[in-house]
Protein chains: 2
Amino acid sequence: MTQSTRIVLARRPEGRPDPSDFRTEIADLPALKDRDVLLETLYLSLDPYMRGRMSDARSYADPVQIGDVMVGATVSRVAQSRHGAWAEGDIVLSGNGWQTHAISDGTGLRKLDPKVASPSTALHVLGMTGFTAWSGLGNIGKPAQGETVVVAAASGPVGSMVGQIARLRGARAVGIAGGPEKCAYLLDELGFDAAVDHRAADFAERLAEACPDGIDVYFENVGGSVWDAVLPLLNKFARVPVCGLVAHYNDKGAGTGPDRLPATMGAVLSKSLTLRGFIMSEFMESQMPDFLKEASDWVAQGKLHWREDVVDGLEAAPEAFIGMLEGKNFGKLIVKVAEL
Amino acid sequence: MTQSTRIVLARRPEGRPDPSDFRTEIADLPALKDRDVLLETLYLSLDPYMRGRMSDARSYADPVQIGDVMVGATVSRVAQSRHGAWAEGDIVLSGNGWQTHAISDGTGLRKLDPKVASPSTALHVLGMTGFTAWSGLGNIGKPAQGETVVVAAASGPVGSMVGQIARLRGARAVGIAGGPEKCAYLLDELGFDAAVDHRAADFAERLAEACPDGIDVYFENVGGSVWDAVLPLLNKFARVPVCGLVAHYNDKGAGTGPDRLPATMGAVLSKSLTLRGFIMSEFMESQMPDFLKEASDWVAQGKLHWREDVVDGLEAAPEAFIGMLEGKNFGKLIVKVAEL
């Protein structure tokens with residue numbers, strides 16, 4: 001009998017999650033039925049959206065129930081197969097969540113070819129975060145040649161793709177990140193045109209200097225004080241794909257004053273801004289094949305760069321996840337659950 | 001020699017404008033040059049956007065300078081003409097501002113045919129406010145058959161057109177207005193499907209009752225506390241054309257807390273909302289002819305209704321304007337400057 005070690009939601013966090021909000025369990029898996037496969041998790045993706053799933057506030061997806069396995073995308077190996085389409089040893093993209101093993105009937109699995117790219121890229125540059133950047137820019141941001149695109153959390157998996165795709169489309173990319181090391185990475189390895197450290201005391205002034213022609217597209221990943229610095233720089237008819245608000249995910253209710261809404265709505269009106277929230281699933285069915293083709297070509301041509309922040313062992317997931325919400329990771333956060 | 005009585009901006013208001021922010025002057029007009037016409041103002045349109053022009057805050061249009069005539073659309077009669085295209089007695093749509101007479105070289109004048117519709121309609125249902133409603137709904141709101149469209153200041157010239165056009169497009173129209181008289185007007189004369197009084201203590205609950213299927217399009221005219229009631233009712237993928245924020249036009253700086261921005265941005269994200277500011281001038285060149293054709297047909301067919309709130313004499317303009325910012329008018333506010 002196969003056992004799965006799994007991390008379940010023990011309690012809904014208030015504000016910052018605590019390791020005690022999670023609990024590790026060991027479950028006995030049933031025997032495989034006909035057309036089932038047994039999947040062994042190799043890599044687990046940790047992403048900010050998971051914070052939303054831990055809460056029961058209304059959101060775009062149902063919350064994880066107390067006692068349920070935490071959700072998440074995984075790269076897995078087919079350990080046993082009773083399904084004709086899948087062979088033992090196949091590497092697949094799956095959504096098994098925070099656990100070492102799972103049984104699947106094949107629904108939603110995507111086979112990965114390790115010769116095209118390292119399988120873990122299916123969790124970022126050739127996966128959800130890459131598609132999030134590509135579809136948000138393509139459908140909402142629509143940067144024109146020479147326009148200025150600004151993105152925060154720019155060394156992260158979505159932000160790094162936003163900046164690189166913006167440049168591949170002929171736009172100017174300005175990245176916001178925390179600390180000199182991440183800023184240097186944006187300039188030296190990802191090819192951003194400018195990088196601004198949001199921890200600098202004169203952050204707003206530096207952002208303005210980095211955007212002498214204003215901002216045409218602001219890809220909103222973070223919210224919080226970065227938005228206050230971006231707002232006055234937005235050009236007339238600027239587009240703001242709203243993809244994430246990680247600065248607020250640990251908020252415990254209404255913010256204290258002053259009320260920043262009138263300034264934002266006033267700018268929406270006076271500058272004819274477009275703010276558009278989106279979840280990549282909106283575009284997935286119609287556009288994922290186009291994305292995979294274009295992004296795989298870019299990867300093959302060496303035009304996309306990425307960085308993985310890999311932590312070892314499923315048991316390290318809660319601490320790594322909590323740290324990510326505070327910007328402690330550097331690159332796409334991945335838990336290595338088993339050896340490839 | 002012709003004299004023009006004119007109301008100029010004496011001082012930039014802080015918060016609510018005061019009658020002393022305006023000053024009346026009498027100016028001698030020069031003799032007509034070749035290709036000039038002398039225009040006598042019949043009607044002056046008073047509109048909320050004028051409050052923005054009184055301030056020097058950055059906005060979508062340049063402010064009125066201290067000592068300059070207040071801007072505004074007018075219906076005028078050609079009193080003298082040295083221009084072949086215009087004859088004495090012609091009635092024209094012009095932009096002469098708050099004054100009794102002006103000289104024009106014909107630029108931007110539109111001839112009005114009193115047989116098609118009363119000339120004052122060129123200041124609302126067949127003019128800027130009508131086009132604002134038509135273009136904001138058509139380009140941003142895009143109501144589908146059976147969707148719910150909500151508009152505030154619904155008895156005003158923009159709101160009343162938003163609701164009527166929404167219904168002509170097959171959508172359900174819910175209007176928000178101040179007081180039972182205005183609400184009855186929405187239902188009985190304009191044909192809205194529901195009307196909600198924003199002065200009611202249980203306004204938010206009543207709005208929810210009036211929108212059992214949520215809100216698909218919220219045409220934002222007002223801002224303020226109405227937005228707080230609308231936000232939780234917005235459906236996934238709802239569209240919010242942001243056309244005006246009259247509740248904030250008299251604000252004196254940042255609002256006091258609590259901070260309402262995180263809730264709005266959170267809803268933009270979780271419900272994939274579109275917020276899009278616009279000024280009708282964006283669409284004017286390309287779409288005004290289509291609007292005039294469609295709206296004139298509707299008027300001829302008796303499908304559009306309107307109400308004018310006419311005050312007598314140019315000297316009444318400042319008080320009427322100040323009252324309008326507080327919702328004291330009922331219908332399109334027009335100053336009758338001279339007899340037709």
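The values are calculated or read from the model by the stated rules, or taken from the named source; none is laboratory data. Worth saying up front: this structure is predicted, and the values here are computed from it rather than measured. FYI the Cβ positions are ideal-geometry reconstructions off the backbone, even for glycines, and counts take in every protein chain you see.
Within the stretch A:195-208, the residues that satisfy the criterion of being in contact (Cβ under 8 Å) with a residue 12 or more places away in the chain and over 22 Å from the mean Cα position of the chain (by Cα) are A:Phe203, A:Ala204, A:Leu207, A:Ala208. Residue count for the stretch A:188-219, restricted to those that are in contact with a Cys (Cβ under 6 Å, 6 or more places away or on another chain) and not hydrophobic (A, V, I, L, M, F, W, C): 1. Test A:Ala177 against the stated conditions and say whether it is among the small types (Gly, Ala, Ser) and more than 19 Å from the chain's Cα centre (by Cα). No; evaluated as a whole, the condition is false for this residue.
Residues are listed down the side, and each one gets a yes or a no for (1) within 18 Å of A:Leu46 (Cα to Cα); (2) assigned to a helix (DSSP H, G or I):
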residue	(1), (2)
A:Ile279	yes, no
A:Ser286	no, yes
A:Leu292	no, yes
A:Ala295	no, yes
A:Ala317	yes, yes
A:Phe321	yes, yes
A:Ala338	yes, no
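Filtered by the rule that a residue be crowded, with 20+ Cβ neighbours inside 10 Å, of a type in the set (A, V, I, L, M, F, W, C) and either in contact with a Pro (Cβ under 6 Å, 6 or more places away or on another chain) or within 14 Å of another protein chain (Cβ to nearest Cβ) (or both), the stretch A:268-292 gives A:Val268, A:Leu269, A:Leu273, A:Leu275, A:Phe278, A:Ile279, A:Met280, A:Phe283. Looking only at the stretch A:65-93, residues that are of a type in the set (Val, Ile, Thr) and at pLDDT below 95 come to 0 in all.
Residues being within 17 Å of A:Lys336 (Cβ to Cβ) and polar (S, T, N, Q) are represented in the stretch A:80-94 by at least one member.
Yes or no: B:Ala295 buried (at least 17 other Cβ atoms within 10 Å of the Cβ), more than 9 Å from chain A (Cβ to nearest Cβ), out of contact with any strand residue (DSSP E or B) (no Cβ under 9 Å at 6 or more places or on another chain) and over 25 Å from B:Asp202 (Cβ atoms)? It is true that B:Ala295 is buried (at least 17 other Cβ atoms within 10 Å of the Cβ), more than 9 Å from chain A (Cβ to nearest Cβ), out of contact with any strand residue (DSSP E or B) (no Cβ under 9 Å at 6 or more places or on another chain) and over 25 Å from B:Asp202 (Cβ atoms). The lone criterion from (1) more than 22 Å from the chain's Cα centre (by Cα); (2) at pLDDT 95 or above left unmet by B:Gly97 is number (1). Being surrounded by 15 or more Cβ atoms within 10 Å (Cβ to Cβ) and either more than 9 Å from chain B (Cβ to nearest Cβ) or part of a strand (DSSP E or B) (or both) is a property that holds for A:Asp309. Scanning the stretch B:52-62 finds one or more residues that are of a type in the set (D, E, K, R), within 14 Å of chain A (Cβ to nearest Cβ), within 23 Å of B:Val158 (Cα to Cα) and out of contact with any His (no Cβ under 6 Å at 6 or more places or on another chain). Whether any residue in the stretch A:249-266 is within 14 Å of another protein chain (Cβ to nearest Cβ), of a type in the set (Val, Ile, Thr) and in contact with a Gly (Cβ under 8 Å, 6 or more places away or on another chain) is what I want to check. Yes - at least one qualifying residue is present in the stretch A:249-266.
Let's see how each residue does on (1) within 14 Å of chain A (Cβ to nearest Cβ); (2) under 16 Å from the mean Cα position of the chain (by Cα); (3) free of Cβ contacts under 8 Å to residues at least 24 places away in the same chain:
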| site | (1), (2), (3) |
| --- | --- |
| B:Lys236 | yes, no, no |
| B:Val240 | yes, no, no |
| B:Val246 | yes, yes, no |
| B:Ala320 | no, yes, no |
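With respect to (1) within 30 Å of B:Val196 (Cβ to Cβ); (2) buried (at least 20 other Cβ atoms within 10 Å of the Cβ); (3) under 22 Å from the mean Cα position of the chain (by Cα), the lone exception for B:Asn139 is condition (2).
Residue count for the stretch A:252-272, restricted to those that are polar (S, T, N, Q), part of a loop (DSSP other than H, G, I, E, B) and modelled with pLDDT of 90 or more: 1.
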